[in-house]
Amino acid sequence: MNYKLNTLVRSNIRNLIPYSSARDEYTGGEAIYLDANENPFNAPQNRYPDPLQRSLKQKISILKEISSDQIFLGNGSDEAIDLLFRIFCEPGIDNVVLISPTYGMYQVCADINNIEVRKVLLEPDFSLNSDSLIQACDQQTKLLFICSPNNPTSNSFPREEILELAEKLNLIVVVDEAYIDFSERSSLIREIQDHPNLVILQTLSKAWGMAGIRLGMAMASTAIIKLMSSVKYPYNVNRLTIEYAIKALKDKEIKEMWVASILKERKTMVKNMKKFRFVQKIYPSDANFLLVKVKDPKQVYNYLVSRKIIVRDRSETPLCEGALRITIGTKEENAKLNKALMEYQRKFVENCET
Ligand SMILES: *Cc1c(COP(=O)(O)O)cnc(C)c1O
């Protein structure tokens with residue numbers, strides 16, 4: 001591979017003079033701030049947040065053992081995804097390659113940015129088809145998204161296969177690790193040192209239990225992070241989110257406790273699901289959800305809704321025909337799901353079969 005970042009970046013972005021905010025220009029400490037037309041009352045919320053989120057990045061850099069300038073923070077990882085499109089993909093000209101099925105936001109962002117999407121089906125066992133992925137790429141391919149563990153198939157992909165793609169292809173390989181904390185496999189974060197075209201996405205929305213505060217991360221070479229910072233809105237992460245995240249990230253143990261509980265429940269849920277006669281297949285999961293193939297998925301879905309239990313109908317997704325995606329809840333929630341499914345079986349399955 002002959003990777004040159006500059007040849008991948010859109011020319012308007014290469015030549016961009018980014019917005020310089022008042023808080024970029026003066027970065028000293030205590031002062032009388034009359035530079036940003038803020039209200040002098042209502043401290044501290046009267047002040048614009050740090051556009052570079054330095055104190056929060058410092059915490060994350062310790063947690064992830066990488067340098068602060070290899071971290072981008074955004075309004076969810078969804079912001080990072082959109083920025084990558086806007087930095088690398090020329091509307092109407094460039095394309096991106098996705099595995100299929102995968103997380104829906106990549107396609108939506110591509111459509112919004114008028115970027116062609118080339119989808120490469122996973123194998124029936126949900127493994128990667130590396131040769132087909134490579135064949136799908138051409139000169140105009142700027143991004144390859146590998147979601148691992150993958151949503152909605154719930155499996156993850158071998159690190160060697162992902163790294164080999166990054167090594168062979170002259171484009172940005174985005175590895176979405178939203179579910180990495182639930183996985184047997186370890187993160188590819190360390191690999192950004194040796195793979196300058198690798199972008200790792202993580203989020204506080206899943207294992208850390210903070211979907212509501214909207215904080216996503218991208219980890220990559222300083223050159224890519226610099227581009228992302230210059231294209232983002234100046235104050236893309238708000239003061240309340242920064243403050244909350246700094247506090248919450250101190251308690252790594254509680255996150256680990258939640259993950260342990262979810263993994264234990266995942267095991268129990270698999271065991272319970274196996275007993276149902278309308279369950280045809282439970283796919284091995286490396287995430288905090290199960291993909292379960294059932295007979296009459298719409299009927300199961302609607303019955304659960306009538307019991308006020310909402311799962312995700314993925315029965316029309318390629319390779320997931322007939323499947324529901326079920327997030328692992330608390331022990332109590334999962335017990336209620338199990339009870340509802342037992343009632344469903346009694347009502348709809350046993351009658352039909354006799
Ligand atoms: C849930 C999820 C995210 C999280 O997105 P945020 O914007 O950070 O909440 C990212 N990627 C995948 C594949 C997901 O399933």
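The values are calculated or read from the model by the stated rules, or taken from the named source; none is laboratory data. If you're wondering where the values come from, they're calculated on a predicted model, not measured in any experiment. Neighbour counts are summed over all protein chains in view; Cβ atoms, including those assigned to glycine, are modelled from backbone coordinates with ideal geometry. Protein only, heavy atoms only, side chains kept; ligands, DNA and RNA dropped before computing areas. Shrake-Rupley method; radii C 1.70, N 1.55, O 1.52, S 1.80 Å.
Identify which of Leu204, Leu165, Leu240 has the largest mean-square fluctuation in a Gaussian network model of the chain, with springs joining Cα atoms closer than 10 Å. Between Leu204, Leu165, Leu240, it is Leu240 that shows the largest mean-square fluctuation. For Tyr3, the accessible area of its heavy atoms, probed at 1.4 Å with every protein chain present, is near 40 square angstrom. Note on region 116-171: dipole from Cβ charges, positive end direction compared against Thr153, Leu169, Val117; the farthest Cα belongs to Val117. Against the chain, whose longest principal axis is taken from its Cα atoms, helix 77-88 shows a tilt of about 60°. Using equal-weight Cα scatterers in the Debye expression, the normalised intensity of region 239-287 in log10 at q = 0.15 Å⁻¹ is -0.59. Expressed as a fraction of 2.2 N^0.38 Å, the C-alpha radius of gyration for region 139-218 is 1.10.
Sorting Met342, Met257 on solvent-accessible area from highest to lowest, probe radius 1.4 Å, gives Met257, Met342.
Placing one equal scatterer on every Cα of the chain and applying the Debye formula, the log10 ratio I(q)/I(0) at q = 0.08, 0.11 Å⁻¹ is -0.45, -0.81. Of the whole protein surface, Ser20 contributes about 60 Å² of accessible area at a 1.4 Å probe radius. Each Lys or Arg adds one and each Asp or Glu takes one away; over the other residues whose Cβ falls under 11 Å from the Cβ of Asn197, this sums to 0. DSSP finds beta bridges in the chain, and of those with both partners inside it, around 50 percent are antiparallel. Using a Förster distance of 51 Å, how high is the FRET efficiency between Asn238 and Lys295, based on the Cβ-Cβ distance and rounded to 0.05? My answer for the efficiency is 0.65.
Note on surface exposure: Asp94, Asp131 rank Asp131, Asp94 by accessible area, highest first, 1.4 Å probe. A straight line joining the Cα centroids of region 90-157 and region 312-354 runs 29 Å. Multiplying each eigenvalue of the alpha-carbon gyration tensor of region 9-73 by 5 and taking the square root yields semi-axes of 26, 20, 9 Å, largest first, rounded to whole angstroms.
The alpha carbon convex hull volume per residue for region 37-144 rounds to 170 Å³. Looking at the chain as a GNM with Cα springs under 10 Å, which of Ser306, Ser183, Ser285 has the largest mean-square fluctuation? Looking only at Ser306, Ser183, Ser285, the biggest GNM fluctuation is shown by Ser306.
Within region 314-354, whose backbone N sits under 14 Å from a point 7 Å along Cα→Cβ of Gln280? In region 314-354, the label zone of Gln280 (backbone N under 14 Å from the point 7 Å along Cα→Cβ) covers 314-324.
Calculation over all alpha carbon pairs of region 232-335 in 10 angstrom steps from 0 returns a P(r) of 13, 35, 24, 19, 8, 0 percent. How far, in degrees from 0 to 90, does helix 252-274 lean away from the longest principal axis of the Cα atoms of the chain, to the nearest 10? Compared with the principal axis, the helix lies near 30 degrees. Carbon and sulfur: what percent of the chain's accessible surface (1.4 Å probe)? Whole-percent figure for carbon plus sulfur exposure: 51. Derived from the Cα gyration tensor, the three semi-axes of the equivalent ellipsoid of region 170-261 are 24, 20, 10 Å, largest first.
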